[in-house]
1. Once the Cα atoms of the stretch 379-442 are picked out, what are the Rg and Dmax in Å?
2. Note the per residue figure in Å³ for the convex hull of the C-alpha positions in the stretch 68-214.
3. Once you put a point 7 Å from the Cα of residue 215 and another 7 Å from the Cα of residue 417, both along the Cβ direction, what distance in nm separates them?
4. Residue 358 label point, 7 Å along Cα→Cβ, cut-off 15 Å on backbone N: hits in the stretch 29-44?
5. Does the stretch 239-360 come out rounded, prolate or oblate by the C-alpha gyration tensor, with a ≥ b ≥ c the root eigenvalues, rounded set by a/c under 1.5 and, if not, prolate when a/b is larger than b/c and oblate if not?
6. I'd like the distance between the alpha-carbon centres of the stretch 34-101 and the stretch 354-422, rounded to an integer number of Å.
7. Calculated FRET efficiency, residue 442 and residue 27, Cβ-Cβ r, R0 35 Å, to nearest 0.05?
8. Explain nothing, just the number: relative contact order of the stretch 3-154, from Cα pairs under 8 Å at least 6 residues apart, as a whole percent.
Ligand code: SF4
Ligand code: SF4
C-alpha cells in the first residue's frame with residue numbers, strides 16, 4: 001500500500017488545529033516540505049515535547065511525507081529558543097543519516113511564527129500570495145504531531161489518541177495523551193479544578209482559540225490544548241465581547257492610528273490586509289463592499305485586537321463583520337498580482353512572544369506543562385463524524401456492535417474530501433448517528 005493510502009486509512013488530519021485531511025495535502029507535488037513545530041500560541045506545550053520525546057518517529061514520518069510530495073528539501077521549523085529540543089533533533093538527524101535531506105530552521109520567538117504563511121516565509125523566503133495557500137509557492141506544511149501520526153500510519157496504526165496541554169490559572173499544568181472522543185470535562189478535571197463555575201475555558205491557544213460556551217463536548221483529533229482562566233480575566237472579557245458591543249465601541253473610539261494594520265503579520269508579508277480601513281468603514285453606511293473584500297485576507301491571529309490597538313478596540317471583529325457580509329453576498333477577494341514581497345519595515349515590527357504574553361496578562365501562567373503518564377480511561381467515548389475539513393464520515397458500525405480499539409468505524413463518503421474515524425477504545429457501539437459514534441468500554 002502506498003504511503004498516501006496508509007495516511008488516508010489512518011484518518012490523519014492536520015493536528016495543528018485546522019483539521020485538513022493529510023492525504024489530500026500529501027497528494028500535491030512540492031519543492032519544500034516544512035514541519036510546523038513553532039507552537040506559537042502562548043502556554044501550549046505539545047509540539048516541543050513530542051519533538052523531544054519522539055524525534056526518530058517524527059523525523060521518519062516527516063521524511064516519508066517529504067518523499068511522498070517529491071520535495072527536494074525538508075525543513076523542521078522550531079523556535080531557536082528550544083535549544084535542547086534542537087540538539088536532540090540534530091543528533092537524531094545525523095544518526096538516521098538524513099542530514100542531506102532534512103535540516104532545522106530556527107524560528108524567531110515571535111507571534112504568530114506558526115501561521116502557515118509566516119512559517120513559509122521564515123523558512124524559505126517565499127511569500128504565499130494573498131488568499132493563497134503554501135502549495136502555490138511550492139511548499140507543503142505539516143504539524144509535528146501530524147508527522148508522528150504519519151509514522152504510526154506507516155506501521156498500520158490509525159489516529160485514536162490526541163495530545164493535549166492544560167494550561168492557565170490552574171494548580172496542575174500538564175500535557176496528556178487521551179483517547180479521541182473523551183469527554184472534555186474529564187480532561188479539564190486533570191487541571192486540579194473540580195468546579196468550573198468561576199472559570200472560562202479557551203479551546204486551543206489563548207490567541208486564536210474560542211471561549212467555550214459549555215464544557216459538554218468531546219476531544220477531537222484537532223484539539224491541542226485548553227487554557228483555563230478566571231472568568232474575570234481581561235483576556236476572557238475581551239474574547240467574549242459580542243459583535244454588537246465590539247461594533248459600538250469601534251465606531252465610537254477608533255483614532256485611525258493604523259497600528260492594527262502596521263503590526264498585522266499578513267500586512268507585513270505584503271498583503272493588503274487593512275483592519276484600520278475596516279474600522280473606518282464601520283463609521284459609514286458603506287453600500288458597495290468592493291473595498292471591504294480585503295477583510296477576507298485576515299488569518300484571525302487576533303494580534304490587532306489583543307496587542308496592537310493602543311486603546312483596546314476590536315479591529316479583527318471589524319474584519320469579521322465584513323467577512324460575514326461578503327459571505328452573504330457571495331463576494332470573494334481576488335488578488336491583483338501574483339508575486340508579493342514583504343514590507344521593508346517587517347523585521348522591525350515583529351511582535352516578541354514574551355511581550356505579547358505580558359500584554360495579555362498570562363506571564364504568571366507561562367510555565368512548563370510537562371507530559372504526564374496519567375492514563376485517561378473514559379467509560380464512554382463520543383467520536384465526532386465531523387472533526388475535519390470536508391464531508392463528515394459515514395458511520396460503518398451499528399448500535400450493539402462490538403468494536404476493537406483501532407477499528408474503522410466511519411468512512412469517507414465517495415468522491416468527497418474527508419477523513420476516516422476509528423474506535424479509540426474497545427467496547428460496544430451505543431450510538432451511531434450523523435454527528436457521533438458512541439462506544440461504551442468493555
Ligand atoms: S483600531 Fe485601534 S489600532 Fe486600529 S486604527 Fe483604530 S485605534 Fe488605531
Ligand atoms: S487578526 Fe488582525 S492582525 Fe491578525 S491577520 Fe487579522 S487583521 Fe491582521
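Here, each number is a calculation from the coordinates, and none is a lab measurement. Only a predicted model underlies this, so the values are computations on that prediction, with no experimental measurement involved. We place every Cβ from the backbone using ideal geometry, glycine too, and count neighbours over all the protein chains shown.
1. Both quantities, over Cα of the stretch 379-442: 10.9, 35 Å.
2. Working: hull volume 23.8 nm³, N = 147.
Cα-based convex hull of the stretch 68-214, divided per residue, equals 162 Å³.
3. About 3.5 nm separates the two model spin labels.
4. Answer for the stretch 29-44: none.
5. On the way: a/c = 1.89, a/b = 1.10, b/c = 1.72.
Since a/c reaches 1.5 but b/c is at least a/b, the shape of the stretch 239-360 is classed as oblate.
6. Their Cα centres are 23 Å away from one another.
7. Details: r = 38 Å, r/R0 = 1.07.
Using R0 = 35 Å, I get an efficiency of 0.40.
8. Values: 273 pairs, mean separation 55.7, N = 152.
Computed value for the stretch 3-154: 37 percent relative contact order.
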